[in-house]
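The values are calculated or read from the model by the stated rules, or taken from the named source; none is laboratory data. It should be emphasised that the depicted structure is a prediction, and the values quoted were computed from it without experimental measurement. Virtual Cβ from ideal backbone geometry, glycine too; neighbours counted across all protein chains shown.
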Amino acid sequence: MTPSPFAPATLAEPPMVAGVRIATAAAGIKYKNRTDVLLMAFDEGTTVAGVFTTSRCPSAPVEWCRTQLPRGTARALLVNSGNANAFTGKKGRASTALSADLAAKALGIAPEDVFLASTGVIGEPLPAERFGGVMDDAAARLAPEGWADAARAIMTTDTFPKAESRTVSLTGGTVTITGIAKGAGMIAPDMATMLSFIATDAAIGAADLQGFLSAGAAKSFNKVTIDSDTSTSDTVLAFATGASGITVAAGSDDAAAFAAALDDLMLALAHWVTKDGEGCTKFVAVTVDGAESDRSAFKIAKSIADSPLVKTAIAGEDANWGRIVMAVGKAGEPADRDRLAIYFGDVRVAVDGERDPDYSEAAASAVMKQPEIAIRVDLGLGTGRDTVWTCDLTKEYVAINGDYRS
């Protein structure tokens, strides 16, 4: 695959999170000569929160995590790439149980304290017994550093690893938040194939952590789309070890600062996932304002961002504003054709339901040649506003997905 033009030259090792230890391994689940297993171990007392796909055909690991989540605590996370363990029936449920059991035995904990995630091909049984060949060694190699390696281990069609970290100054001192994510196709998260794992050394109750995570996902992972397809495996998990000794509680003076840092980290990860969309060459922000409500603005923005015709025009650097009009009209939300105004960057291309009288093809085309593009639609109906981030749709996307299982 061609590397994304947005790929960083290197990924600096993110800061360690006290109370978290990491190891990766190569189990040969699908890929040869690369790591495909991530094991994280957490200090006793670590709380957990999660948001998951709304797909009615969820993967076996998603079902496992949903079952364990109400307990509110976690001691380990086991992730594999190359196989989604989705649409695998009774075999899938058995493989999740075996996976958790193997990790639990290696760490000396209970299986229900192990959270699981899998990403890759749907419909292929997961050979969970292969974890057995690497688990004891991985457990022996657990170390506080290794977030960059963790990000690499969970990649499938990603062309670069994705990690972010934030430090937050709170009343009692400084806490760290570090997270990783992977895409890069079948991305239209609705939770909340996409995975993200975040850890902090703050002490946060499970219910409060869930509130922070759910709110952050709504503003980040649920505002990006690559191909309009919601994965069976979408999973975002957050772990709070409490190792810093600094407590963050909802409604406290520190809650807003912590939530802002978490939101910023999650949005950055969501943007990295979008910038690594399969075959992408453009990163696009689609903003709709003047809608009757924020929800209506979101639906229209997503209609634009999901449109194959809009996305292929962007790939061709074609300022085809007619396709924007089409996507607005099909969204099923309130819109008045004769009030519409459309902008590519700062260039207004349409106004009052027709082409702008000062329209300049050269100016609009210059915007479309940029690697990052802003498209804005003003509906002229109200105060509703929202933004969805997407990428273009290229010939390489077709090639990658046409050959995915081969």
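Within the range 107-133, track down each residue that is more than 30 Å from S4 (Cα to Cα), of a type in the set (A, V, I, L, M) and surrounded by fewer than 23 Cβ atoms within 10 Å (Cβ to Cβ).
Going residue by residue through the range 107-133, those that are more than 30 Å from S4 (Cα to Cα) are 107-115, 125, 127-133.
Among the residues that remain, those that are also of a type in the set (A, V, I, L, M) are: 107, 109-110, 114, 128.
Passing the criteria: L107, I109, A110.
On the basis of being in the same structural domain as A184 (by TED's automatic domain parsing), under 30 Å from T225 (Cα atoms) and not polar (S, T, N, Q), does L77 make the cut? The answer is yes for L77. All of (1) out of contact with any helix residue (DSSP H, G or I) (no Cβ under 8 Å at 6 or more places or on another chain); (2) at pLDDT 95 or above; (3) over 15 Å from D263 (Cβ atoms) hold for K162 with one exception: (1). Among all positions in the range 19-41, there is no residue which is closer than 21 Å to S196 by Cβ, out of contact with any strand residue (DSSP E or B) (no Cβ under 7 Å at 6 or more places or on another chain) and either at pLDDT 95 or above or not in a loop (DSSP other than H, G, I, E, B) (or both).
Could you say whether any residue in the range 28-45 is over 24 Å from F131 (Cα atoms) and either over 19 Å from the mean Cα position of the chain (by Cα) or buried (at least 16 other Cβ atoms within 10 Å of the Cβ) (or both)? Checked against the condition, which is being over 24 Å from F131 (Cα atoms) and either over 19 Å from the mean Cα position of the chain (by Cα) or buried (at least 16 other Cβ atoms within 10 Å of the Cβ) (or both), the range 28-45 yields at least one hit.
Select, from A259, A249, A238, A243, the only residue that is under 17 Å from S165 (Cβ atoms) and part of a loop (DSSP other than H, G, I, E, B). Before the answer, list the steps.
Working: A259 fails: part of a loop (DSSP other than H, G, I, E, B); A249 fails: under 17 Å from S165 (Cβ atoms); A238 fails: part of a loop (DSSP other than H, G, I, E, B).
From the options A259, A249, A238, A243, the qualifying one is A243.
Contact map, the range 1-22: first residue basic (K, R), second residue assigned to a loop (DSSP other than H, G, I, E, B), Cβ cut-off under 6 Å, separation 6 or more or different chains; pairs are R21/L142; R21/P144.
Just the residues that are β-branched (V, I, T) and surrounded by fewer than 24 Cβ atoms within 10 Å (Cβ to Cβ), please, taken from the range 211-231. Working first, answer last.
Residues of the range 211-231 β-branched (V, I, T): 224-226, 230.
Residue satisfying the conditions is T230 alone.
Here is a yes/no grid of residues against (1) closer than 17 Å to F283 by Cβ; (2) of a type outside the set (V, I, T):
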| position | (1), (2) |
| --- | --- |
| A297 | no, yes |
| I300 | no, no |
| T312 | yes, no |
| W321 | no, yes |
| M326 | no, yes |
| K330 | no, yes |
| P334 | no, yes |
| V351 | no, no |
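For the range 347-406, enumerate the residues that are among the basic types (K, R) and buried (at least 16 other Cβ atoms within 10 Å of the Cβ). Correct list: R348, R376, R385.
Within the range 267-276, is even one residue assigned to a loop (DSSP other than H, G, I, E, B), at pLDDT below 95 and surrounded by 18 or more Cβ atoms within 10 Å (Cβ to Cβ)?
First pass over the range 267-276, keeping only residues assigned to a loop (DSSP other than H, G, I, E, B): 276.
Okay, now just the ones that are also at pLDDT below 95, so 276.
Filter again for surrounded by 18 or more Cβ atoms within 10 Å (Cβ to Cβ), leaving 276.
Within the range 267-276, one or more residues are assigned to a loop (DSSP other than H, G, I, E, B), at pLDDT below 95 and surrounded by 18 or more Cβ atoms within 10 Å (Cβ to Cβ).
Checking each residue in the range 301-322 for being under 13 Å from I226 (Cα atoms) and charged (D, E, K, R) picks out K302, D306, K311. For the condition over 22 Å from G216 (Cβ atoms), assigned to a helix (DSSP H, G or I) and either assigned by TED's automatic domain parsing to the domain that holds L262 or in contact with a Ser or Thr (Cβ under 6 Å, 6 or more places away or on another chain) (or both), E44 does not qualify. Can you name every residue in the range 113-135 that is closer than 15 Å to F87 by Cα and among the β-branched types (V, I, T)? Hits for the range 113-135 are T119, V121, I122. Does D229 satisfy being touching a Phe, Trp or Tyr at 6+ places or on another chain (Cβ under 7 Å) and outside the structural domain of I373 (by TED's automatic domain parsing)? Answer is no for this residue.
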